[in-house]
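Undergrad: This is the structure, below, for whatever I ask next.
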Amino acid sequence: MAQAKRTALNRSLQAEVSSTEAAPARVLVVDDDRRNLLTIGEVLKDVGEIVCVNSGEEALRRLLKDEYAVILLDVIMPGLDGYQTAGMIRQRDSCKTTPIIFLTAINKEDAHMLRGYDAGAVDFLFKPFDPLMLRSKVAVFVELFLKTREIRLKAESEQRLLQENLLANTQKLQALKDLKRAEERQEAILRSLPLCIHSRSVEPPFGAFFVYGAVEQLTGFTAEAFTRDAGFGLGRVHPEDAPLVEQALKGALRSGTYAVEFRWQRGDGAYRHFLDQGVVSKAQDGTPSEILGTLLDITERRQLEDQLTHAQKLDAIGKLTGGVAHDFNNLLASILSGLGLLKRRVEMNADAERIFDMTQHAARQGADLIARMLAFSRRQRLDPKVFDLKALAETLDLLLSPTLGGLTQLRWRLDPEIWPVYVDSSQLQLAMMNLVINARDAMPEGGSIVIRGQNRTLETPTPELAAGDYTVLRVEDSGRGIPPENLAKVLEPFFTTKEVGHGTGLGLSTVYGFVKQSGGSLRIESEVGHGTAVEIWLPRTEAAAASEQPADAPAPVPAEMPGKKRPTVLLIDDSTELLDFTADHLRDRGFDVVGAGGGAEALALLEKEPDRFDVIVTDFAMPLVSGLEVIRFARSLQPGWPAIVISGYADGESMAARPPDVPLINKPFQPEELIGAIGKIYNQAK
C-alpha cells in the first residue's frame, strides 16, 4: 500500500513538472502604436506566448499577475514613458530581474543609451528594427528563461522526489545527471557575463568566503587570492575610496542591502572603477551570516559620463563665449576707434601720451583675451594650410630668444622625414610659444627645453583620436612637474597655479582648443621633481607643403582720382558708437560715408539710391537683417558690388556662406586695416 502511494505521488510530481516545463514562455510587448504591436506579435509568434499592451500602466498590471521571460518596452509613450515604466518594474521584487529591451526611434546618442542602461535596460532595438535581429535577441532571453525555469523546477522536483521516493534509485540518478547538465549550462552563462559573484564576512575586514565568475578578467587575480587573505579585497581599494566602501558594508548590516562605487587596483597596477552591490543573508535565528554581492567593472561607463560632462561644459562655455565675444568686441572696437581719433585730432603732451598708450594697450589685451576664449571653446576662425614643420624651428627661435633669456636653453629634435600637417601655421606657432613659455616658468632657476617632432601611427582608436597617421610635437622640460591632483585640471579654462597677475589660466586650454579644432589631441605626462612633457598630436596630410608666400599688402586708396571722387562708403552697424567712430575715421581720410544703424535701414538706402554707393562695409550679426543678406540684396541690383564684412564674432559655418570675394575683418580692427581693405576691393572692382 505504501509502495503504491509513493508511486502515485511520483507520477503526480512528474506530471506537474512536465506541464510547467511545456508551458510557453511569455513575452510582454509594450507600445502605444497598434501597428508595432501587430508586427512584433507576428515576428515572435512561435518564440513564445506574446502578450501585447499599449501603455506602461497596463504593463505594470500584467506584471502583478504573470511571469515574463523578457519585456519589450517602447521608450516614448503617453502617460508613463519607457524610462519611468522600467524604473517601476525594477522596484518590484517579482520582476526586478526580468530582462528589458528598449524599443526606440531616438538617435544612438550616448546620453540616451546611458539613461536607458541606468533605468535597467539590457539592450536597445532601434526602429525600424530588423525582424531577424528582434527574433534572435528575444529568443536568447526566452531560452535563458526556459533553462533557468527548468533548473529551478528540476531542483524542486528532485528535492521532493528524494524525500518521498528513497527507493527510486534509477529516477534519482537520472535527475542528478539532468541537474548536473543544468548547472554546467548555468555556470557557462555566468562565466560569459562580465561580472563577479562573491560572498564575504559580515565582520571587518569583510574577508571573502568564495569568489566566482569573471574574477581574473576583472581584477587580474585568481579567486584564491581573495579567499586566502581576508584583507586582500579592501587592501587594494584606492585610499581615498576605502572609507566609503567600509561605511557601505557596515551600513548593509542595518539596511540589508548596499551599493558602492570605488577605484580598485588591478594586478597590472592600473586602477579601475567598480560597482559593488548586494544583500545581507541571515541565519535561521535572524542574525546576519554573510554578505552576498556582485562586482561589475564600470570604468568605460564612467569615462563616457566624464566625456559627456566635459563636452557639455565646453559647449556651454563656447555658447557663452560666442555671445560675450560679439558684444565685447563691439565695445573694444569703439574704445580703440575713439582712442585712434583722439590721437589724430588732439595734441598730447608726454604724460597724456603715456596714459593714452596704457589705455590702448589695456583695450588690446581685452581683445586678446576674447580671442583666447574663442580658442579654448574651439570657435576661433582658423585659416588652415599644408604646413611643413621643419619651418617651425627657425620662426620660433627668432620669436622666443628674447623671452627665454640666458638660463633656459631650447633644443630641437625633429625627425628628418617628419610628415606635413594641415593646420593654421600662425595658431600653431602661438600654441608652441605657449607651451615653451609654460616650460620656462616651470624652471625658475633655468634648464633645458627640448622640442621633439616624430611620426606616429595609431593602430587602434582611442576616445580622443581615430586610428591613423599623426605628427607629434613634444615639448619636454626638466622643471618641478605637476602634482597628480592638478594634472586633470590643467586643461580647464582659468585654472592656474601661478600667482595672481602672472597668468590667466587660458594658456593650456587655448592650446587644447586649437588642437581639437584642428582634428588632433593633446596629452600631458608629468612627474613631480622630474619635469613635464606635453604632446600635440596632429593628423598627417598627404599633400605637399606649399612654400610660404608673403601676404599681400593692403592696397592704398589713391590720394587723387582724376575725374572721380574717392569711394562713397555705405557703413552699416547696429552699434551706434562704433558706427560713429568708424565713420569719423573714414571721413578723416577723405571718404564720403553714409551710416545705417541696421540691415533694414541699409536695404532702404540701397533700394532708394543704388548708384550712390561705391563700397558696402557691413557688420555681420545684426537684428532682423544680417550683413550677408544686405550684400546679397545689393548684388541682386548690381553684380559684384564691392563689399566688406566686419564681425565681433561669427561661427565658421556662418562665415563660410559669404561670397569668396568678400573679405572679413575681425573686431576690434585698426582703421588702416579697414582703409586698406576698401582700397584693395575698390581697385579690383574697377
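The values are calculated or read from the model by the stated rules, or taken from the named source; none is laboratory data. What you see is a predicted model, and the numbers here were worked out from it, not measured in a lab. As a convention, Cβ positions derive from the backbone with ideal geometry for all residues, glycine included, and neighbour counts pool all protein chains shown.
Undergrad: Read through the list (1) small (Gly, Ala, Ser); (2) buried (at least 18 other Cβ atoms within 10 Å of the Cβ); (3) in contact with a helix residue (DSSP H, G or I) (Cβ under 9 Å, 6 or more places away or on another chain), then give the number of the only condition that Ala248 fails.
TA: Result: Ala248 fails condition (3) only.
Undergrad: Could you list, in sequence order, the residues of the stretch 222-280 that are outside any helix (DSSP H, G or I), more than 21 Å from Thr299 (Cα to Cα) and among the small types (Gly, Ala, Ser)?
TA: Once the filter is applied, which keeps residues that are outside any helix (DSSP H, G or I), more than 21 Å from Thr299 (Cα to Cα) and among the small types (Gly, Ala, Ser), the stretch 222-280 yields Ala230, Gly231, Gly256.
Undergrad: Find all pairs meeting these conditions: Cβ atoms under 7 angstrom apart; at least six residues apart or on different chains; first residue within the stretch 560-573 and under 17 Å from Arg587 (Cβ atoms) and outside any loop (DSSP other than H, G, I, E, B); second residue modelled with pLDDT of 75 or more and of a type in the set (Lys, Arg).
TA: Sorted first by the residue in the stretch 560-573, then by its partner, the pairs are Thr568/Arg612.
Undergrad: Identify, please: which residue in the stretch 464-511 is modelled with pLDDT of 75 or more and polar (S, T, N, Q) and is, among those, farthest from the chain's Cα centre (by Cα)?
TA: Looking at the filtered set, the residue picked out is Ser478.
Undergrad: Turning to a different aspect of this structure: Can you report the number of residues in the stretch 574-583 which are surrounded by 18 or more Cβ atoms within 10 Å (Cβ to Cβ), not in a loop (DSSP other than H, G, I, E, B) and not β-branched (Val, Ile, Thr)?
TA: 4
Undergrad: Follow-up. From the residues in the stretch 251-272 that are of a type in the set (D, E, K, R) and over 18 Å from Val215 (Cβ atoms), which one is surrounded by the fewest Cβ atoms within 10 Å (Cβ to Cβ)?
TA: In this case the residue turns out to be Arg254.
Undergrad: Please give the helices (runs of 4 or more DSSP H) falling wholly within the stretch 613-686 in which 1 or more residues are at pLDDT below 85.
TA: 652-655, 671-685
Undergrad: Looking at the structure I just gave you, is Leu586 surrounded by 17 or more Cβ atoms within 10 Å (Cβ to Cβ), in the same structural domain as Glu673 (by TED's automatic domain parsing), more than 23 Å from Ala657 (Cβ to Cβ) and in contact (Cβ under 8 Å) with a residue 60 or more places away in the chain?
TA: So Leu586 fits the description; yes.
Undergrad: Let me ask something else about it. Taking the options Phe620, Phe613, Phe633, name whichever one is surrounded by 14 or more Cβ atoms within 10 Å (Cβ to Cβ) and farther than 22 Å from Lys680 by Cβ.
TA: Result of the check over Phe620, Phe613, Phe633: Phe633.
Undergrad: Follow-up question, since we're still on this one. Return only the number of the condition from (1) in contact (Cβ under 8 Å) with a residue 40 or more places away in the chain; (2) of a type outside the set (D, E, K, R); (3) within 30 Å of His112 (Cβ to Cβ) that Thr309 does not satisfy.
TA: (1)
Undergrad: Of the residues that sit in the stretch 438-452 and are at pLDDT 85 or above and in a helix (DSSP H, G or I), which one is surrounded by the most Cβ atoms within 10 Å (Cβ to Cβ)?
TA: Going through the qualifying residues, I end up with Ala439.
Undergrad: Output the residue which, of all residues in the stretch 16-39 that are modelled with pLDDT under 90 and β-branched (Val, Ile, Thr), is farthest from Val75 (Cα to Cα).
TA: Val17
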